[in-house]
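Down below is the structure, laid out as structure tokens.
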Amino acid sequence: MCIFGRISKAWRVNLVLYFALCLQSCETTRTPPSPSHTPGPIGGRVVNECGEPVDGAKLYLVQESDLHADRLHTIVETDSTGRWMRIPNRPIPLDLAIVVEHPKYAPSVFNISPQRHTELSNHTAELKIERGCEVSGVTVDQLGKPVHRATLRVLLPISATREVLYWPILVPSRTDGTFDLRIPSKTTCNAHLLARGYREQSIELTAQALPLTLTLTPYEKLRGRIVDESELPVKNAEIELHPSDDEFWNSVEMSVSPDGWCAQSAGGETWSRKSDPDGIFGWLELENTRYDLTVKCEGYRDLVLALPTSDEIQTIILYRLPAE
């Protein structure tokens, strides 16, 4: 006979109630899922200082790992009513931020606080952006000629959980070298000016009454042509480039041998190239004005020499090894 057959009806009811209460207790002690880690539709509205809707604003969902990896994710653009909605493809923790960009307004950063997270989930978040201050200018070289395709990389600070990170705003210059952007009012923004063939510059941007003139300094160049005694080009010669200083020469063990002067070992930073079929080699973006070269090629004597940077192609002569 089943054990329940030996228990009175009243005890059976008590046991059923006991097990039901135990199950209910287990259910209530479970940790409910955190709303900050539940992916779902988020949305809101972008307005200006007067509360008017902003059409065509771009919104970015910024995560700390994205900033370290320099990834920019556009999540959505606002419509004519300033509204936007997005179903994110990843959970939304509270340590994120939303960056709003628009050509006629200053970029704005909105940290996702618990209250704002709730508003985003309810599609009631109102993100107010300002017109800010306009900064304009022109990028030129040392001769005053405009430099087009230069990029102004403005860094917008974003407060993260462990450190202050920066959101990059990329502003390219036009064909005549001019550029313009808007920055938040009463704010100084750090920026980097980048252009191919020119040195990177760090500048501070503030509200200026007059247009800025940003002068770019070109990199140093070192180019050469390797030939033999008959002035015929030597191809596939191996060229190593070292910054020229006393420390380099102290780390080079020189020896006199039948093959001529040889660099046996060297320390410090080194860049390598090979000469092309015409014997040409070169570096176009160098910082220093003087470099030391080690030139090697099978069948020729090794050569160590110092060369200044120059826009001209400098000729280097390699001498053949004596026939065995």
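No lab work stands behind these numbers, since they all come straight from the coordinates. What you see is a predicted model, and the numbers here were worked out from it, not measured in a lab. Glycine gets a Cβ as well: all are built from the backbone with ideal geometry, and neighbour counts include every protein chain shown.
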* Net charge contributed by nearby residues that have their C-beta within less than 14 Å of residue 139 (K/R +1, D/E -1) -> +2
* Loop-resident sites, segment 182-228, for GluC sites (Glu not before Pro), counting at most 15 other Cβ within 10 Å (DSSP) -> 200
* To do: With θ set to phi - 60°, apply the Karplus curve 6.51 cos²θ - 1.76 cosθ + 1.60 along segment 318-324 and write out the HN-Hα couplings as whole Hz, x wherever there is a Gly or Pro.
  => 9, 9, 5, 6, x, 5, 6
* Which entries in 145/186; 145/221; 104/145 show an alpha-carbon gap greater than 30 Å? -> 145/186
* Asked: Rounded to the nearest 0.05, what FRET efficiency is calculated for residue 136 and residue 231 with R0 set to 35 Å and r the Cβ-Cβ distance?
  -> 0.10
* Structure fact -> Counting Lys and Arg as +1 and Asp and Glu as -1 over every other residue whose Cβ sits under 15 Å from the Cβ of residue 207, the net charge comes to -1
* To do: Report the local net charge at residue 312: Lys and Arg +1, Asp and Glu -1, summed over other residues whose C-beta lies under 10 Å from its C-beta.
  => +1
* Based on other C-beta atoms within 10 Å, arrange 123, 102 from fewest to most. => 123, 102
